[in-house]
Amino acid sequence: GLAIYFTDQWQKKGYKHWAAKLYHSGNLPGLVELLDNERFRNESELVMGAAAATLVEALIEHWGKDAFLQQYQTWNPSFKEMAQMEKVWHQLLEKIEIPDHQPKHAALPFLKGFNFAHEGYRIYNGYGSDLARQSLVKLANLGTNAIAIVPYSYMRDPEKPSPIPVIQHAGSETDESVIFAHAEAQKLGMYTMLKPQIWLGRSWPGEIAMSNENDWNSFFDYYYRWIRHYALLAEIYEMDALSLGVEFAKATIQRPEDWRRMVKKIRGLYSGHLTYSANWGEEFEKFSFWQDFDYIGLNCYYPLSNKEEINKNELKQHFRKVLDKIEKISVQYDKPVVFTEIGFRSVAKAWENPHAEANGRAYDENAQDICYEVVFEGIKGKDWCKGILWWKWPTYLAYRGRDNTGFTPNTKKAEKTVAQWFGKF
């Protein structure tokens with residue numbers, strides 16, 4: 001906090017601006033949290049940094065500089081003193097004027113893009129690398145106008161709440177590398193969505209479900225603190241959209257009011273387009289609070305057929321049924337839909353269970369390509385559809401993955417199909 005106090009242009013607009021925005025939107029941590037060393041270490045450096053710097057300013061004003069310098073390293077207040085100082089701190093925050101928070105209502109362009117996947121090691125071939133910049137340039141040349149940037153964290157157990165860290169080790173999707181990827185995409189005129197996700201090893205976010213009220217409350221508290229970090233990051237760097245969550249299939253159906261409270265708080269902090277990336281099937285079809293978002297996000301991996309061989313017209317008929325389901329949800333909530341994920345591996349029977357692992361299936365770029373064609377032809381002329389973010393495109397163009405059977409169309413037949421169709425929309 002003391003270091004940030006001396007940094008006038010911290011995070012572009014200064015710590016006072018961001019602390020006041022957190023405070024007035026109900027997103028500022030309390031003084032007890034700020035003085036809890038373990039909590040401080042597990043929290044967002046952006047959120048806690050802004051809060052700590054304004055606390056330093058309040059203490060200097062209240063004590064005087066000399067007294068502050070004598071006390072700040074060893075200050076250990078009682079609960080009574082903390083309550084008194086929190087009032088002093090909040091009085092300072094009340095005086096800081098910031099522009100009225102107005103959510104942006106810019107028209108949503110038709111999104112032609114990809115989930116931009118951190119496949120490497122930060123500055124070598126991950127988000128923070130020159131190779132990532134080269135990969136984005138190729139995307140732009142294919143007609144891409146949008147990407148989703150996907151930083152990960154983790155939970156160890158889908159049935160036990162635990163703090164969700166903002167991962168900052170060197171090889172990961174650090175804030176610095178996320179900002180770099182966003183900035184490079186922005187230079188190329190791309191719409192950027194920040195789409196943080198939770199990794200659960202042998203499970204997935206759709207299995208997250210707590211067994212009692214206390215655990216549910218803890219889970220939402222931990223998740224809120226994590227997503228608050230990315231909401232602030234997205235606001236500071238003017239990212240176009242934020243996905244509040246990805247594929248929490250049980251948690252959204254079982255606890256909609258907890259999510260709605262979180263949406264309201266994040267709305268007070270982040271002014272760009274806000275969405276949620278729902279899993280295909282039950283979550284998407286039973287999701288009950290799309291009205292709280294700017295548009296509907298769908299991770300679309302509906303199976304299209306279980307046949308070994310199938311012709312294109314049959315696939316189109318099956319996909320038409322999927323589109324009918326999606327359109328009903330769009331009409332029900334009067335919201336456009338963006339495919340926040342859709343994709344097919346370059347394997348035999350790519351259409352059967354699009355989300356599934358290759359599981360020994362042979363490489364087949366033709367099967368992938370026909371699925372791409374079916375999707376593009378299916379969404380053409382659908383007014384309710386406002387775009388597609390394919391899963392996925394790598395941060396370095398040499399990435400192949402095992403047997404080259406992954407989701408990327410890079411250097412495969414589907415790459416040409418992408419360029420042709422992106423040029424038509």
**Prompt:** When only residues in segment 330-354 that are surrounded by 23 or more Cβ atoms within 10 Å (Cβ to Cβ) and of a type in the set (Ser, Thr, Tyr) count, which is nearest to the chain's Cα centre (by Cα)?
**Reply:** 340
**Request:** Of all residues in segment 226-280, count the ones that are open to solvent by 10 Å² or more (accessible area, probe 1.4 Å), assigned to a loop (DSSP other than H, G, I, E, B) and touching a Ser or Thr at 6+ places or on another chain (Cβ under 6 Å).
**Result:** 2
**Prompt:** Conditions: (1) without any contact (Cβ under 8 Å) to a residue 24 or more places away in the chain; (2) assigned to a helix (DSSP H, G or I); (3) among the polar types (S, T, N, Q). Residue 411 meets all but one. Number of the miss?
**Reply:** (2)
**Message:** Condition first: within 18 Å of residue 145 (Cβ to Cβ), of a type in the set (Phe, Trp, Tyr) and in contact with a strand residue (DSSP E or B) (Cβ under 6 Å, 6 or more places away or on another chain). Now tell me which residues in segment 377-425 satisfy that.
**Reply:** 390, 391, 393, 422, 425
**Prompt:** Does residue 370 satisfy being hydrophobic (A, V, I, L, M, F, W, C), under 27 Å from residue 291 (Cα atoms) and buried (at least 17 other Cβ atoms within 10 Å of the Cβ)?
**Reply:** no
**Fill in**
Of the residues in segment 31-56, those that are open to solvent by less than 20 Å² (accessible area, probe 1.4 Å) and farther than 17 Å from residue 226 by Cβ number 7
**Prompt:** Of all residues in segment 68-126, which are free of Cβ contacts under 8 Å to residues at least 24 places away in the same chain, hydroxyl-bearing (Ser, Thr, Tyr) and within 30 Å of residue 185 (Cα to Cα)?
**Reply:** 124
**Fill in**
Flagged pairs (Cβ under 7 angstrom, 6 or more apart or on separate chains; first in segment 149-162, assigned to a loop (DSSP other than H, G, I, E, B); second open to solvent by 60 Å² or more (accessible area, probe 1.4 Å)) are 158/207; 159/211; 161/222; 162/156; 162/222
**Request:** Collect the residues in segment 71-84 that are touching a helix residue (DSSP H, G or I) at 6+ places or on another chain (Cβ under 9 Å) and either within 30 Å of residue 271 (Cβ to Cβ) or not small (Gly, Ala, Ser) (or both), keeping them in residue-number order.
**Result:** 71, 72, 75, 77, 79, 82
**Out of 341, 357, 314, sole residue that is free of Cβ contacts under 8 Å to residues at least 40 places away in the same chain, among the acidic types (Asp, Glu) and not in a loop (DSSP other than H, G, I, E, B)** = 314
**Complete:** Picking from 157, 100, 66, the residue that is open to solvent by 30 Å² or more (accessible area, probe 1.4 Å), over 19 Å from the mean Cα position of the chain (by Cα), more than 30 Å from residue 216 (Cα to Cα) and modelled with pLDDT of 95 or more would be 66
**Request:** Go through segment 1-30 and give me each residue that's in a loop (DSSP other than H, G, I, E, B), open to solvent by less than 40 Å² (accessible area, probe 1.4 Å), out of contact with any Gly (no Cβ under 9 Å at 6 or more places or on another chain) and in contact (Cβ under 8 Å) with a residue 60 or more places away in the chain.
**Result:** 28
**Prompt:** Is there a residue in segment 354-366 that is in contact with a Lys or Arg (Cβ under 6 Å, 6 or more places away or on another chain) and within 18 Å of residue 285 (Cβ to Cβ)?
**Reply:** no
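One line per residue, one yes/no per condition, for (1) closer than 30 Å to residue 397 by Cα; (2) in contact with a helix residue (DSSP H, G or I) (Cβ under 7 Å, 6 or more places away or on another chain):
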{"site": "86", "(1), (2)": "no, yes"}
{"site": "89", "(1), (2)": "no, yes"}
{"site": "96", "(1), (2)": "no, yes"}
{"site": "109", "(1), (2)": "yes, no"}
{"site": "113", "(1), (2)": "yes, no"}
{"site": "121", "(1), (2)": "yes, no"}
{"site": "125", "(1), (2)": "yes, yes"}
{"site": "130", "(1), (2)": "yes, no"}
**Fill in**
residue 357 passes all but one of the listed conditions (1) of a type outside the set (Gly, Ala, Ser); (2) open to solvent by less than 10 Å² (accessible area, probe 1.4 Å); (3) within 27 Å of the chain's Cα centre (by Cα); the exception is number (2)
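The values are calculated or read from the model by the stated rules, or taken from the named source; none is laboratory data. Every value quoted in this text rests on a predicted model; they were computed, and no experiment measured them. Don't worry about glycine lacking a Cβ; one is built from the backbone with ideal geometry, like all the others, and counts go over all protein chains shown. Please note that ligands, DNA and RNA were not included when accessible areas were found on the heavy atoms of the full protein model with its side chains. Shrake-Rupley method; radii C 1.70, N 1.55, O 1.52, S 1.80 Å.
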